[in-house]
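What follows is a single structure, written as structure tokens, with notes after it.
Just so it is clear, none of the values below were taken in a lab; they were calculated from the coordinates. Remember, it's a predicted structure, so these values are computed and weren't measured experimentally. Backbone-built Cβ (ideal geometry, glycine too); neighbour counts: all protein chains shown.
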Amino acid sequence: MISNNNLPKQLSFVIPVHNEEATLKILFDKISEVMLQERIDNYEIIFIDDGSRDRSWIEISNLVNQYPSLIKAIKLRRNFGKSAALSAGFRKSMGKVIFTLDADLQDDPAEIPNFLQHLELGFDLVSGWRKKRNDPLSKTLPSKLFNTVTSILTGVQLHDINCGFKAYRKEVLDSIKVYGELHRYIPVLANNLGFKIGEVVVEHHFRKHGQSKYGWERYARGFIDLLTVLATTHYLHKPGHLFGGLGLFFGSIGFLSLTYLIIVWFLNLGGMHLGPIGTRPLLFFGILCTILSVQLISLGILAELITRNVDADYVDKQIAEVLDENC
């Protein structure tokens, strides 16, 4: 990291970079122009080179040499992914408000004042909404599906949770650990902690430089991380509800399957000659669902016992600290 200024900042711009050499100087100029118009001079821009293979790091270094009081630079040894890059930037940021935006110029820095206005209304996190998105259908269609599913499952009503253009109060990011693909779920995690979430429509530009870094595998990883988020937000202190619910679901399927076969067996005894049930795949399916149900419910009970024990230890520790303070 290169920095000559350790004074507290009002705004921090955390920008992950991966093979974006053509846009970095333009992006810096755009942000600087907005800051000049808004009369904000206490800010910093943090570029995180996430294993670029082009001249991105050279461009970043040149900017740091020209504007050492405004720019910080972080270079990762290889491409660790956007969450790792953002996490590195968050740790080095000193602003009271932290912006994230992509380095490809599809996000327009001219929208920054709109984010600040929403933060002044009392929101702790403001997410961009690319209402008119200038991307190919291969990106917009799965993104809409992903946003819809995420909104339904998490209860966080955002139209575009995938948008990288966001503004956070620093205390939001101080309360959340970002890893894997969880950067897109920060609003969900923040909402679970009681922070107020808002949304603002932003202009989205066509990509003029470079290539998109994301494919269909991104959504597969995102779905797995969505399950992780659901487990840690909705069921962290009640794992029995998660495993027990799944156990009851599979148990119901198994019960219905075996009940149907039992009815068929009785009808055979009545002379309808529907054939034996011992060789039917449905019998093995019903038995497997029943066994899986028992295992999931048992796992839920064990998880509840472990959770209760951990919570009890935490309460005992808190009580002990209070007693020590009173002595």
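State log₁₀ I(q)/I(0) for region 26-89 at q = 0.18, 0.22, 0.25 Å⁻¹ as given by the Debye formula over alpha-carbon point scatterers of equal weight, solvent excluded. With one equal scatterer per Cα and no solvent, log10 I(q)/I(0) is -0.70, -0.95, -1.10.
For ARG91 and PHE249, compute 0.36 nm times the residue count separating them, minus their Cα-Cα distance, and round to one decimal in nm.
Details: separation 158, 0.36 × 158 = 56.88 nm, distance 4.25 nm.
Extra length from ARG91 to PHE249 when fully extended: 52.6 nm.
Annotation for region 1-96: GluC sites (Glu not before Pro) lying in DSSP loop with at most 15 further Cβ atoms inside 10 Å of their Cβ are GLU38. Other residues with beta-carbon under 10 Å from the beta-carbon of GLU171 carry, at +1 per Lys or Arg and -1 per Asp or Glu, a net charge of +1.
Max-minus-min Cα coordinates of region 149-212 on each principal axis give 38, 24, 22 Å, with the largest extent listed first.
For region 109-197, run through the chymotrypsin sites (Phe, Trp or Tyr not before Pro) and keep only the ones in DSSP coil with at most 16 other Cβ atoms within 10 Å of their Cβ. Kindly include the intermediate steps, with their values, before the conclusion.
Details: sites: PHE115, PHE123, TRP129, PHE146, PHE165, TYR168, TYR179, TYR185, PHE195; in loops: PHE123, PHE165, TYR179, PHE195.
Here the sparse-neighbourhood loop sites are TYR179.
Placing unit charges on the Cβ atoms of the charged side chains and taking the dipole of region 9-234 about its Cα centre, the candidate lying farthest along the positive direction among LEU182, ILE112, MET35 is LEU182. Bridge orientation summary for region 9-234: considering DSSP beta bridges with both residues in this region, about 25 percent are antiparallel. Averaging over all projection directions, the Cα-based convex hull of region 9-234 occupies 11.2 nm² in the image plane.
Using the Cβ-Cβ distance between ASN79 and SER298 with R0 = 45 Å, the FRET efficiency computed as 1/(1 + (r/R0)^6) comes to roughly 0.60. Scaled to the globular estimate 2.2 N^0.38 Å, the Cα spread of region 1-107, given as radius of gyration, is 0.96.
Other residues lying with their Cβ under 14 Å from the Cβ of ASN192 contribute a combined charge of +2, Lys and Arg counting +1, Asp and Glu -1.
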